[in-house]
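Every number here is computed from the coordinates shown, using simple stated rules; none is lab data. Everything numeric in this text was worked out from a predicted model, so none of it was measured. Note that each Cβ is placed from the backbone with ideal geometry, even for glycine, and that neighbours are counted across all protein chains shown.
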Amino acid sequence: MTRSQQLFTAAQEVLPGGVNSPVRACRAVGTYPRFLSRGQGGHVWDVDGKEYIDLIGSWGPLILGHCREEVEQAVMDAVKMGLSFGAPTAAEVEMARLVCEMTGVEMVRMVNSGTEAVMSALRLARGATGRSKIIKFAGCYHGHSDSMLVKAGSGALTGGAPDSAGVPAQTAGDTLTASYNDLPSVESLLRANPGQVAAVIVEPVAANMGVVPPQPGFLQGLRGLCDEYGCLLIFDEVITGFRLAPGGAQEYYGVRADLVTYGKIIGGGMPVGAYGGSRKLMELVAPLGPVYQAGTLSGNPVAMAAGLAQLRILKSAPEIYSELEQKGAMLQAGLQEALSGVPVQINRAGSLLTVFFTEQPVTGYDQARSSDLERFKQWYNGLLARGIYAAPSQFEALFLNAAHSDGDIRKIIRAAGEIF
């Protein structure tokens with residue numbers, strides 16, 4: 001029995017399912033989680049000493065790779081001064097200024113996770129509009145707050161149904177579900193609920209049903225519909241923020257949202273999140289306005305130090321983004337050729353990719369669910385056996401980072417060609 005297996009056995013005695021987040025359990029791919037011990041650049045090592053090319057990168061925030069020297073040093077310097085104060089620090093101000101400068105939002109509020117950022121942005125949208133309903137998209141994930149744990153109902157014009165035990169039906173009833181890349185489904189909901197929709201929330205690049213980029217005109221269309229029906233447009237950029245471009249998906253696709261949620265990358269690997277928007281909207285947040293939101297550890301100085309170090313590098317070296325785009329294109333083209341013998345669709349947006357084992361183009365949730373899950377299971381375990389650490393779910397993204405070499409990408413492509 002490997003050390004990872006031993007740890008997983010022990011973990012199941014004290015953690016639900018042996019993990020602290022469900023996808024880590026690896027149930028969908030018929031194996032056990034590898035317990036990791038360290039990372040460097042684009043690679044990680046498990047507790048049994050096996051090395052892997054890392055295509056998860058802590059689910060996105062490690063855009064510079066593991067143990068980037070400047071980020072590590074910033075964290076160590078911050079730790080020496082104190083882990084937490086529950087009081088303002090200069091780093092919070094610097095971080096807020098940098099986020100605003102890079103993204104174009106006018107004010108931000110720091111929180112501790114993407115889930116908290118989304119929950120807070122939705123409350124703000126409801127407070128600003130005086131409306132209660134939210135439109136989300138089937139297959140888009142916005143954290144585990146009650147109103148976002150909703151799947152599509154039986155019809156496009158119905159409210160959602162709870163997608164988790166413990167979510168009150170009345171809470172789910174205020175969440176309406178549309179189809180991603182389908183503007184008519186959004187307009188139908190807006191028409192059927194006149195004056196009731198506070199906001200439309202969307203992952204500008206869906207990355208939690210696997211990577212599904214927006215079709216041309218989709219995001220622009222959402223902007224237009226929100227303006228027409230008097231509701232707010234919220235971009236959930238927990239994954240895309242600072243990954244697709246310095247200004248995130250707003251810059252990448254040229255569409256401005258009213259509110260934006262951030263996470264992951266702005267913490268440089270530390271737990272952090274933020275939401276932001278115009279000064280007019282953000283001044284509705286306490287203590288200036290009536291929308292209450294608070295957090296004892298918000299703006300944690302160690303997380304701020306890590307995030308600042310990473311964002312400063314990204315701002316000062318914009319060539320990182322063109323290099324990531326090239327790496328993404330190289331991997332996409334190589335996988336397309338290596339997997340030509342099986343039905344496959346390889347979706348990509350910049351440095352985010354997903355391999356779907358289906359014959360039909362994947363533009364939304366229904367097409368994503370058509371992927372052959374048994375073939376994906378074979379794919380995942382084949383990669384793992386060849387030293388490549390990928391997401392253990394069909395409905396997640398592969399994340400490239402700046403530390404991955406062309407040699408790493410060629411190794412991934414070679415491994416893919418050997419699996420089927």
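Out of (1) of a type outside the set (A, V, I, L, M); (2) assigned to a helix (DSSP H, G or I); (3) more than 18 Å from R34 (Cβ to Cβ); (4) over 21 Å from the mean Cα position of the chain (by Cα), the odd one out for E359 is which?
(2)
Can you spot a residue in region 386-409 that is assigned to a helix (DSSP H, G or I) and under 18 Å from the mean Cα position of the chain (by Cα)?
No, region 386-409 contains no residue that is assigned to a helix (DSSP H, G or I) and under 18 Å from the mean Cα position of the chain (by Cα).
Would you pick out the residues in region 269-280 that are touching a residue at least 12 places away in the same chain (Cβ under 8 Å) and surrounded by fewer than 24 Cβ atoms within 10 Å (Cβ to Cβ)?
M270, P271, S278, R279
Specify which of the listed residues (P343, P392) is surrounded by fewer than 20 Cβ atoms within 10 Å (Cβ to Cβ), touching a residue at least 12 places away in the same chain (Cβ under 8 Å) and under 22 Å from V29 (Cβ atoms).
Result: P343 is the single residue among P343, P392 that is surrounded by fewer than 20 Cβ atoms within 10 Å (Cβ to Cβ), touching a residue at least 12 places away in the same chain (Cβ under 8 Å) and under 22 Å from V29 (Cβ atoms).
Only one residue in M119, M107 is touching a Cys at 6+ places or on another chain (Cβ under 8 Å) and under 16 Å from Q293 (Cα atoms), so which one is that?
Answer to the selection: M107.
Give the residue that is nearest to R348 (Cα to Cα), with candidates limited to residues of region 188-228 that are touching a residue at least 40 places away in the same chain (Cβ under 8 Å) and more than 22 Å from the chain's Cα centre (by Cα).
If we take residues in region 188-228 being touching a residue at least 40 places away in the same chain (Cβ under 8 Å) and more than 22 Å from the chain's Cα centre (by Cα), then L225 is nearest to R348 (Cα to Cα).
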